Every structure is written in C-alpha cells, then in structure tokens.
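Peer 1: The structure that follows is given in the form of structure tokens.
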Amino acid sequence: MKTTAAAILGLLIVATAGVCAQADIPGEVVSLFQKRCAACHKGKTPPKGLSWEPGRIAEAIDRPSREVPELKIIDTASPEASYTLKKVRRGDDIKGKPMPPLKALVPDELKIMEMWILGLQKHPVPR
C-alpha cells in the first residue's frame with residue numbers, strides 16, 4: 001500500500017511539474033508553435049520525436065536533438081546554440097531541412113522565438 005501511494009504521489013509530482021513548466025511559456029510563444037510548427041510536429045510519433053503541441057513545448061527544453069545529439073533542442077545554458085534557433089534561422093550548420101520547411105518564419109515570428117529562447121538563460125521555465 002505504501003509503495004502504491006508513493007508511486008501515485010511521484011506521478012502527481014511529475015505531472016504537476018510538467019503543467020507548471022508549460023504554464024510558464026508565454027502565450028505568444030505557444031501560439032507561434034501551434035500556428036507554425038504543430039501542424040506537423042504532433043501526435044504520438046511526431047517527426048524526430050519532437051512535438052510542438054501546446055501542452056508539450058516544455059519537453060524540448062534542454063533535451064538533445066535527434067539530428068545533432070551534441071546540441072540541445074532548446075539550450076538554457078547556451079541559448080544561441082539551441083538547435084531550434086539554428087533550424088528556424090535556416091543556417092548552413094543544420095542537418096535535414098530548415099524549419100518550417102516550406103515558408104520561413106517572418107521577422108516578427110522569428111523575434112518572438114528568439115526572445116523567448118534567449119530569455120530562458122535568465123528566466124528558466126521550472127521543470
């Protein structure tokens with residue numbers, strides 16, 4: 001009984017931590033990912049295992065990229081090195097396609113993403 005209660009408590013703590021982290025992501029960032037990324041990066045088996053659905057954005061923080069494992073998808077210690085920024089900036093130092101693949105982010109969208117990712121170094125999302 002004690003083991004079951006401890007397991008349930010542990011699951012609740014983990015679930016709550018994810019909700020708290022997600023709640024700390026600004027609405028304009030969530031909207032941008034939903035509008036420009038989640039059309040493809042969604043579901044149980046999203047491309048590269050990366051879901052940008054509104055409830056799952058925080059999962060990418062400090063997680064290694066599948067394309068370039070030595071880089072983090074969103075790197076809070078070194079935000080400029082974030083693989084997401086490299087992909088949306090359409091740099092030459094990426095593997096695979098730039099993102100979004102068909103139409104680049106417009107300057108205002110890119111600024112929203114850059115400001116949020118770069119700001120994580122000073123104001124990290126709790127996990």
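The values are calculated or read from the model by the stated rules, or taken from the named source; none is laboratory data. This is a predicted model, so every value here is computed, not measured. Every residue, glycine among them, receives a Cβ derived from its backbone with ideal geometry; neighbour counts consider all protein chains shown.
Peer 1: How about the stretch 32-86: which of its residues are in contact (Cβ under 8 Å) with a residue 24 or more places away in the chain, under 22 Å from residue 111 (Cα atoms) and of a type in the set (A, V, I, L, M)?
Peer 2: Within the stretch 32-86, 32, 57, 58, 60, 61, 74, 77, 85 qualify.
Peer 1: A follow-up question, please. Residues that are at pLDDT 95 or above, at least 1 per element: which helices (runs of 4 or more DSSP H) completely within the stretch 1-115 meet that?
Peer 2: Fully inside the stretch 1-115 and qualifying: 27-36, 83-88.
Peer 1: Going by the conditions given, is residue 65 buried (at least 17 other Cβ atoms within 10 Å of the Cβ), over 14 Å from residue 96 (Cβ atoms) and among the polar types (S, T, N, Q)? Steps first, answer last, please.
Peer 2: On the way: buried (at least 17 other Cβ atoms within 10 Å of the Cβ): yes; over 14 Å from residue 96 (Cβ atoms): no; among the polar types (S, T, N, Q): yes.
So residue 65 fails the test.
Peer 1: Follow-up question, since we're still on this one. Specify the residue that is nearest to residue 26 (Cα to Cα); the eligible residues are those in the stretch 82-114 that are more than 14 Å from the chain's Cα centre (by Cα) and hydrophobic (A, V, I, L, M, F, W, C).
Peer 2: Among those residues, the one meeting the criterion is 110.
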